[in-house]
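Colleague: Sending over a structure as structure tokens; questions will come in a sec.
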Amino acid sequence: MRVKVYVTLKAGVLDPQGKAIERSLHSLGYPEVTGVRIGKYLEFELAGASKENAEQEAREMCAKLLANPVIEDYRFEIDDQL
């Protein structure tokens with residue numbers, strides 16, 4: 001199964017990288033861009049698991065390592081059609 005994980009900063013957390021990119025886009029002539037936020041995308045294969053087990057394992061991986069639940073939100077998708 002292929003697992004796709006999306007990690008983003010929580011709404012109230014400052015995002016200096018996002019602000020830097022927003023300023024750069026403005027200087028490149030895109031003043032209409034606002035609210036830039038930076039995140040992470042991870043993709044991996046999980047062998048030998050049922051969809052239910054894959055969901056549980058992905059949730060555990062996100063909570064323990066892939067995301068910092070204090071400042072980040074995460075969501076994941078599982079594709080069992082490899």
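Colleague: Checking MET1 against (1) closer than 24 Å to GLN81 by Cβ; (2) surrounded by 11 or more Cβ atoms within 10 Å (Cβ to Cβ); (3) out of contact with any strand residue (DSSP E or B) (no Cβ under 9 Å at 6 or more places or on another chain), only one condition comes out false. Which one?
Modeller: (3)
Colleague: Return the residues of the range 20-52 that are surrounded by fewer than 10 Cβ atoms within 10 Å (Cβ to Cβ) and either in contact with a Pro (Cβ under 6 Å, 6 or more places away or on another chain) or of a type in the set (A, V, I, L, M) (or both); say none if nothing qualifies.
Modeller: Correct list: LEU28, ALA47.
Colleague: Looking only at the range 4-18, how many residues end up being out of contact with any Cys (no Cβ under 8 Å at 6 or more places or on another chain) and either surrounded by 14 or more Cβ atoms within 10 Å (Cβ to Cβ) or at pLDDT below 95 (or both)?
Modeller: 8
Colleague: Separate question: GLU77: acidic (Asp, Glu), within 23 Å of ALA11 (Cα to Cα) and under 18 Å from the mean Cα position of the chain (by Cα), yes or no? Show your work before the answer.
Modeller: On the way: acidic (Asp, Glu): yes; within 23 Å of ALA11 (Cα to Cα): yes; under 18 Å from the mean Cα position of the chain (by Cα): yes.
The answer is yes for GLU77.
Colleague: Step by step: first the residues of the range 23-66, then only those that are among the hydrophobic types (A, V, I, L, M, F, W, C), outside any helix (DSSP H, G or I) and farther than 22 Å from ASP79 by Cβ, then the one that is farthest from the chain's Cα centre (by Cα). Which residue is that?
Modeller: Per the stated criteria, the residue is LEU28.
The values are calculated or read from the model by the stated rules, or taken from the named source; none is laboratory data. All values derive from a computational prediction rather than experimental measurement. Glycine also receives a Cβ, built like all others from the backbone with ideal geometry; neighbour counts cover every protein chain displayed.
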